[in-house]
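Below you'll find the structure, written out as structure tokens, and then a few comments.
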Amino acid sequence: MGDMNMNQSVTSDFLLVGLFSHSGSPQLLFSLVAAMFIMGLLSNTVLLFLICMDSRLHTPMYFMLSQLSLFDVGFPLVTIPKMASEFLQEEGSISFGGCAAQIFFLTMMGVAEGILLALMAYDRYVAVCYPLQYPVLMRQQVCLLMVGCSWLAGVLNASIQTSITLHFSYCASRIVDHFFCEVPALLKLSCTDTSAYELALSVSGVLILVLPLSLIATSYCHVLGAVLRMRSDEARNKAFTTCSSHITVVGLFYGAAVFMYMVPGAYHSPQQDNVVSLFYSLVTPMLNPLIYSLRNREVRMALVKVLNRAGVRPK
């Protein structure tokens, strides 16, 4: 018995509390999550394929949209397959390395996507307010640099957060009250004082969220002013359509992020964290391509073109 306790205290595995264990009908919830996961992967993959294949979509806006689709493929892949295997095998352990990988990739993609959404708002600002200078201001080198910076910021942030979080000793319970390894859920298990790091996380969270949000708000204030001054109804409607798609995506992403990282942990329960995390790791990635593709004429035309080439004639 003593040896067993010794082994349990030495083991570096964590136990994840599955999302479905809180549910009254786990099979139904599992089926719903699986359907959303498959739908999200398919729609994002199709959008990526269309952007690669159709030369009319080789523009700065669609290049950034392809990066957003990459994140929307990545987010569910990091969390949902592991959660599904736990449910099917009725065993929720995750290795220390697996936990580190989840934290790294999720924090990397979270920060990179937040910055990317701000850059997409800047792209819309330049397109609406400075249409004549757009080809110069948003030339290929600039777009690559902007997207590269968003990825680099994500990698730097993830490297720092992952190394610090996993540097703490976890000597008490190893049961993570969450369906994947996320920094706030893991810190609750540490037997060392993490209050200074949690404060630093909150401050960095505010900076990481507030700076891009400020850029987005500023961009759209200028865009709205320019759109209202437009004399052509057609131009005004086109500007409103592309901008409203982006604003919807920003609202979904930042709404969940603000709740998780700017609202102190004492004000939300593990169940609420699970719901919000499921929202940004599964629901938002599934909705993003639908929000963009259904409202963008260019994407619909590209899809029709591909279907015609394949011999399928859409009605």
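The values are calculated or read from the model by the stated rules, or taken from the named source; none is laboratory data. What you are looking at is a predicted structure, and each value in this text was computed from that prediction instead of being measured. Quick reminder, even Gly has a Cβ in these numbers, built from the backbone with ideal geometry, and neighbours come from all protein chains shown. Keep in mind that these areas ignore ligands, DNA and RNA; they rest on the heavy atoms of the full protein, side chains included. Shrake-Rupley method; radii C 1.70, N 1.55, O 1.52, S 1.80 Å.
In table form, for the structure just shown:
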quantity: Residues within region 143-165 that are β-branched (Val, Ile, Thr), touching a helix residue (DSSP H, G or I) at 6+ places or on another chain (Cβ under 8 Å) and open to solvent by 20 Å² or more (accessible area, probe 1.4 Å), tallied; calculated: 2
quantity: Region 166-183, subset touching a helix residue (DSSP H, G or I) at 6+ places or on another chain (Cβ under 7 Å) and either in a helix (DSSP H, G or I) or open to solvent by less than 20 Å² (accessible area, probe 1.4 Å) (or both), residue farthest from residue 278 (Cα to Cα); calculated: 166
quantity: Condition met for residue 132 (outside any helix (DSSP H, G or I), aliphatic (A, V, I, L, M) and either under 27 Å from residue 258 (Cα atoms) or free of Cβ contacts under 8 Å to residues at least 60 places away in the same chain (or both)); calculated: yes
quantity: From 203, 147, residue being assigned to a helix (DSSP H, G or I) and touching a residue at least 24 places away in the same chain (Cβ under 8 Å); calculated: 147
quantity: Pair list, Cβ < 6 Å and 6+ apart or interchain, from region 85-112 residues that are over 19 Å from residue 158 (Cα atoms) to residues that are of a type in the set (Phe, Trp, Tyr) and surrounded by fewer than 22 Cβ atoms within 10 Å (Cβ to Cβ); calculated: 87/20; 87/30
quantity: Number of the condition not met by residue 198 [criteria: (1) of a type outside the set (Ser, Thr, Tyr); (2) more than 16 Å from residue 260 (Cβ to Cβ); (3) open to solvent by 70 Å² or more (accessible area, probe 1.4 Å)]; calculated: (2)
quantity: Restricting region 89-102 to residues that are more than 18 Å from residue 26 (Cβ to Cβ), in a helix (DSSP H, G or I) and out of contact with any helix residue (DSSP H, G or I) (no Cβ under 7 Å at 6 or more places or on another chain), the residue that is most open to solvent (accessible area, probe 1.4 Å); calculated: 96
quantity: Selection count, region 184-197, where residues are in contact with a helix residue (DSSP H, G or I) (Cβ under 7 Å, 6 or more places away or on another chain), farther than 12 Å from residue 277 by Cα and either among the charged types (D, E, K, R) or not in a loop (DSSP other than H, G, I, E, B) (or both); calculated: 3
quantity: Looking only at region 217-234, and only at residues there that are open to solvent by 10 Å² or more (accessible area, probe 1.4 Å) and of a type in the set (A, V, I, L, M), the one that is nearest to residue 277 (Cα to Cα); calculated: 217
quantity: Options 213, 224; residue that is of a type in the set (A, V, I, L, M) and under 30 Å from residue 108 (Cα atoms); calculated: 213
quantity: Residue list for region 201-216, restricted to those being open to solvent by 50 Å² or more (accessible area, probe 1.4 Å), over 16 Å from residue 125 (Cβ atoms) and not hydrophobic (A, V, I, L, M, F, W, C); calculated: 202
quantity: Selected residue [assigned to a helix (DSSP H, G or I), at pLDDT 90 or above, open to solvent by 40 Å² or more (accessible area, probe 1.4 Å) and within 20 Å of residue 305 (Cα to Cα)] from 70, 42; calculated: 42
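The rows are residues; the columns are (1) assigned to a loop (DSSP other than H, G, I, E, B); (2) more than 14 Å from residue 289 (Cβ to Cβ); (3) modelled with pLDDT of 90 or more.
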{"residue": "12", "(1), (2), (3)": "yes, yes, no"}
{"residue": "35", "(1), (2), (3)": "no, yes, yes"}
{"residue": "75", "(1), (2), (3)": "no, no, yes"}
{"residue": "84", "(1), (2), (3)": "no, yes, no"}
{"residue": "87", "(1), (2), (3)": "no, yes, no"}
{"residue": "104", "(1), (2), (3)": "no, yes, yes"}
{"residue": "107", "(1), (2), (3)": "no, yes, yes"}
{"residue": "117", "(1), (2), (3)": "no, yes, yes"}
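To keep it simple, each residue is scored yes or no on (1) at pLDDT below 75; (2) of a type in the set (Gly, Ala, Ser); (3) buried (at least 16 other Cβ atoms within 10 Å of the Cβ); (4) under 21 Å from residue 118 (Cβ atoms).
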{"site": "244", "(1), (2), (3), (4)": "no, yes, no, yes"}
{"site": "254", "(1), (2), (3), (4)": "no, no, yes, yes"}
{"site": "266", "(1), (2), (3), (4)": "yes, yes, no, no"}
{"site": "271", "(1), (2), (3), (4)": "yes, no, no, no"}
